[in-house]
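Every number in this text was worked out from the coordinates using simple rules, so none of it is lab data. In this text, all values refer to a predicted model and were calculated from it rather than measured experimentally. Cβ coordinates were reconstructed from backbone atoms using ideal geometry, including for glycine residues, and neighbour counts include every protein chain displayed.
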Ligand SMILES: Nc1nc2c(ncn2[C@@H]2O[C@H](COP(=O)(O)OP(=O)(O)OP(=O)(O)O)[C@@H](O)[C@H]2O)c(=O)[nH]1
Ligand SMILES: Nc1nc2c(ncn2[C@@H]2O[C@H](COP(=O)(O)OP(=O)(O)OP(=O)(O)O)[C@@H](O)[C@H]2O)c(=O)[nH]1
Ligand SMILES: [Mg+2]
Ligand SMILES: [Mg+2]
């Protein structure tokens, strides 16, 4: 009885405020401030963040969106995993350490690599020019210039917005207003193009899942075969030594 | 309340006890790693037939680390240790490329276990002191780590032989648990 009622209320609610499930990727080279930005957006404490050499994912409710945020490691040795997450992204948050002029070229190359990927071209990108609190940090104009951003986003047709911010200001009320505004822009842009993006993501992730399943079956078969051969060889050895 | 019990209570707050499970194929270096964590002698280690357990302190946590033998005939018993696991540490021999697929398949099977659902995963890419050790990206690829989306995971390059990287991995473990 109660469960029936509960169900009704939840369907009614769903009808009234349909929420959209979307996935965003937080990318950028190591030490840019991705994890700190993620924690700020999620309202978690930003103390004691360690470099990410892997994958961390969290979900939050924001307006009419159920947002899943994938925070990926940006170090040279782990960046190669990014390609596996591109198809499910509705948009990117690309974080740059504005205080590290020496690594701007590296960051530019990494961004270009992303935007020219057919799984990303055309999707919206929020660029966070982070660490503005550090004296001597590059300003918005310099960051745009050094990343060659105008040319990049025009070439690959990615709606783009740049926000200068300090992710380390804090979470919740203390969070940098520019970061929050950038995030809102990203969600609104996704919302405005939702049907198209959704179709694209559904299609591309289905293809990827299929390929992954196939790959998994093949791996299991190969491992089984190798194990059987090894067991056989070991049996053979025992026979050899006993006879 | 007596003074002693107050003291005990104060002390017991930061001392959260955590259960850490150390798994991986045979010869990955689990026991060597465990001994290195406990600052014990790492010479004369033999393949583990059952399990070893040690408690180590780190960042206000008491970590109870369980090291289970990885030989094929022992693997079916891993499941006896899954209950109440706070962190899963999976150790691999980074130089043994021939077995990346096998260790990946074994890991994928583990992660399907209900009792380990959502448990954070640390992968120690061990034996980095060997000249032919694979880097993190190759290991992520070889083990198909990107298909793991239901939990946080991290790769830590290390050498149980020299001790390098082990502390960084344990720091990650403590940090990823603090927010709980
Ligand atoms: N001054 C300053 N430091 C920041 C800011 N944001 C992040 N940091 C610091 O920069 C360092 C790297 O931050 P992370 O969030 O771990 O960087 P990341 O991009 O996640 O790096 P990887 O996980 O290695 O890819 C940390 O020490 C942060 O405290 C900022 O706005 N200002
Ligand atoms: N070069 C090198 N050798 C290592 C390292 N760690 C472990 N070994 C060696 O690898 C072999 C296996 O180590 P163990 O610690 O017994 O491996 P295990 O994972 O406990 O194996 P099982 O108990 O059978 O599951 C031993 O000869 C170790 O000395 C390392 O970091 N570098
Ligand atoms: Mg990070
Ligand atoms: Mg052992």
Between residue A:58 and residue B:39, take the C-beta separation as r, use R0 = 51 Å, and let me know the FRET efficiency to the nearest 0.05. 0.90
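Let me know the shape class of region A:18-199, please: from the alpha-carbon gyration tensor, a ≥ b ≥ c as square roots of the eigenvalues, rounded when a/c is under 1.5, otherwise prolate if a/b is greater than b/c, or oblate.
Numbers: a/c = 1.35, a/b = 1.10, b/c = 1.22.
It is rounded, given that a/c, with a ≥ b ≥ c, falls under 1.5.
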For residue A:66, put the label point 7 Å out on the Cα→Cβ axis and report which residues of region B:149-166 keep their amide N under 20 Å from it. B:149-152
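Any idea what the relative contact order of chain A is, in percent, if you count C-alpha pairs under 8 Å spaced at least 6 apart? All intermediate terms of the calculation are to be shown ahead of the outcome.
On the way: 352 pairs, mean separation 46.5, N = 243.
Relative contact order for chain A comes out at 19 percent.
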Classify the protein assembly as shown: rounded, prolate or oblate, from the alpha-carbon gyration tensor (a ≥ b ≥ c, eigenvalue square roots; a/c under 1.5 rounded; otherwise prolate if a/b is larger than b/c)? prolate
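Set the Förster radius R0 to 60 Å, insert the Cβ-Cβ distance between residue A:133 and residue B:82 as r into 1/(1 + (r/R0)^6), and round the FRET efficiency to 0.05.
Rounded to the nearest 0.05, the efficiency is 0.85.
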Of A:219, A:209, A:79, which has the largest mean-square fluctuation in a 10 Å C-alpha GNM of chain A? A:219
Angle in degrees between helix A:194-242 and the longest Cα principal axis of chain A, rounded to the nearest 10: 30
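Other chains' Cβ within 10 Å of B:100-113 residues: what's the mean?
Numbers: counts 1, 6, 8, 1, 4, 8, 1, 0, 3, 1, 0, 0, 0, 0.
Counting Cβ atoms of other protein chains within 10 Å of each residue's Cβ and averaging gives 2.
Which of the three applies to chain B, rounded, prolate or oblate, going by the alpha-carbon gyration tensor with a ≥ b ≥ c and a/c under 1.5 meaning rounded? Walk me through the numbers on the way to the answer.
Values: a/c = 1.76, a/b = 1.55, b/c = 1.14.
Here chain B falls in the prolate category.
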Taking only the alpha-carbon atoms of region A:105-240, what semi-axes of the equivalent ellipsoid follow from 5 times the gyration tensor eigenvalues under a square root, in whole Å, largest first? 46, 21, 16
When chain B is treated as a Gaussian network with springs between alpha carbons less than 10 Å apart, the largest mean-square fluctuation among B:43, B:95, B:160 is found at B:43
Would you look at the GNM of chain A, springs on alpha carbons closer than 10 Å, and say which of A:178, A:37, A:221 moves the most? A:221
Return the FRET efficiency for the residue pair residue A:76, residue A:203: r is the Cβ-Cβ distance, R0 is 30 Å, and the value is rounded to the nearest 0.05. 0.40
Please give the average number of partner chain Cβ atoms lying within 10 Å of the Cβ of each residue in A:76-85, rounded to a whole number. 5
Within a 10 angstrom radius of each residue's Cβ in B:144-155, how many Cβ atoms of other chains show up on average? Whole number is fine. 6
